[in-house]
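Read the figures in this text as sums done on the coordinates, not as results from a lab. This is a predicted model, so every value here is computed, not measured. Positions of Cβ are backbone-derived with ideal geometry, glycine not excepted, and every protein chain shown enters the neighbour counts.
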Amino acid sequence: MIEIFQYGFIVRGLEAGILIGLIAPLIGIFLVLRRYSLIADTLSHVSLAGVAVGLLLKINPLWTALGAAALSSVAIERLRTSKKIYGETALSIFLSGSLALAIVIIGLAHGFSVDLFSYLFGSIVTVKQTDVYIILGLGTLVALAIFLFYKELVYIAFDEEAATVSGLPVKVFNTLFVLLAAIMIAISIPIIGILLISALLVLPTITALQLKLSFKMTLFWAEIISVFSIITGIITSFYLNISSGGTIVLIMLFIFGAVLFAKGKIKNSYAK
């Protein structure tokens with residue numbers, strides 16, 4: 001198995017994957033607890049439009065995806081807090097609108113290309129060294145922001161109304177959080193693919209939540225599940241010559257199913 005490390009794209013894929021695996025649960029746990037999971041789907045579709053723009057203009061698609069996701073995340077949060085439309089409606093507008101825009105841009109670029117398919121479904125082959133540096137830089141920024149505002153984000157996640165009454169600038173933190181989610185989604189594209197990003201953010205967290213541990217221990221196990229799934233998925237996808245994104249998500253689903261099965265067995269044994 002060690003021979004696979006002679007391939008540069010495998011090393012780059014693992015470097016990027018491990019970084020993403022470590023950062024994703026930091027965002028995912030707050031998305032799940034705040035019932036924001038749908039925003040990951042919305043921003044991933046917005047990122048598709050950004051990727052299409054990048055490919056059309058010959059710009060690194062990670063930057064255009066990041067720009068599109070960041071601007072849309074702020075606009076979604078503004079619409080949600082304005083009370084003019086419901087939050088779910090704002091997400092639906094941006095999801096359908098960005099998908100329509102992406103389709104039009106893809107048409108202008110004369111259809112799907114191999115590059116676009118790799119961004120849709122994830123491919124370690126297309127991960128460049130510059131992508132690894134971008135993921136490292138932006139991932140560090142996300143982790144640092146979560147570390148600095150950890151207590152405030154936890155407080156808002158569990159009781160937003162109480163946080164508002166206590167004097168916390170909840171709107172500012174909500175905007176910061178959706179921006180961090182947008183960054184996380186954008187940097188995950190090369191490994192997991194646009195269509196499967198929400199699974200990366202949600203599955204490790206909901207699996208860890210089944211263990212019914214403390215907040216920090218839940219986050220710890222979400223990290224373990226995330227990194228393990230990504231490393232195993234990348235190596236498996238290399239040997240089977242299949243999409244890294246789909247393989248990673250299937251492994252996460254298998255772990256989730258195994259945890260649920262084990263939990264059910266334990267519960268039944270106690271019932272007897």
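Structure above, values below:
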| read-out | value |
| --- | --- |
| Most positive-pole-ward Cα, 226, 208, 197, against dipole of the chain from beta carbon charges | 208 |
| The chain, helix-only ellipticity at 222 nm - DSSP H runs n ≥ 4, -39,500 (n - 2.57), divided by all residues, nearest 500 | -28000 deg cm²/dmol |
| Debye, to nearest 20: dipole size of the stretch 96-239, +1 on Lys, Arg Cβ, -1 on Asp, Glu Cβ | 140 |
| Size of electric dipole in the chain: Cβ of Lys, Arg +1 and of Asp, Glu -1, about Cα centre, debye, nearest 20 | 620 |
| Sorted peptide list for 247-257, 41-51, criterion being average Cβ within 10 angstrom, highest first | 41-51, 247-257 |
| Under 14 Å between alpha carbons - lysine pairs in the chain that sit 8 or more apart or on different chains | 4 |
| For the chain, built as a Gaussian network whose Cα springs stay under 10 Å, the top-fluctuating residue of 126, 164, 207 | 164 |
| Centroid-to-centroid separation of the stretch 167-230 and the stretch 1-42 [C-alpha atoms, Å] | 9 |
| Full-extension gain in nm, residue 239 to residue 151, via 0.36 nm per residue minus C-alpha separation | 27.4 nm |
| GNM result for the chain, Cα springs below 10 Å: residue of 246, 28, 54 fluctuating most strongly | 54 |
| For the stretch 1-91, with +1 on Lys and Arg beta carbons and -1 on Asp and Glu, the positive-most of 11, 50, 62 along the dipole | 50 |
| Calculated on alpha-carbon atoms, Rg and Dmax of the chain in Å | 18.8, 65 |
| Alpha-carbon Rg/Rh ratio, for the stretch 6-91, with Rh computed the Kirkwood way | 1.07 |
| Cα lying deepest toward the dipole's positive end in the chain, options 97, 157, 237, charges on Cβ | 157 |
| For the stretch 24-69, projected area of the alpha-carbon convex hull averaged over all directions, nm² | 3.1 |
| Normalised contact order of the stretch 2-195, rounded percent, pairs of Cα under 8 Å and 6 or more residues apart | 37 |
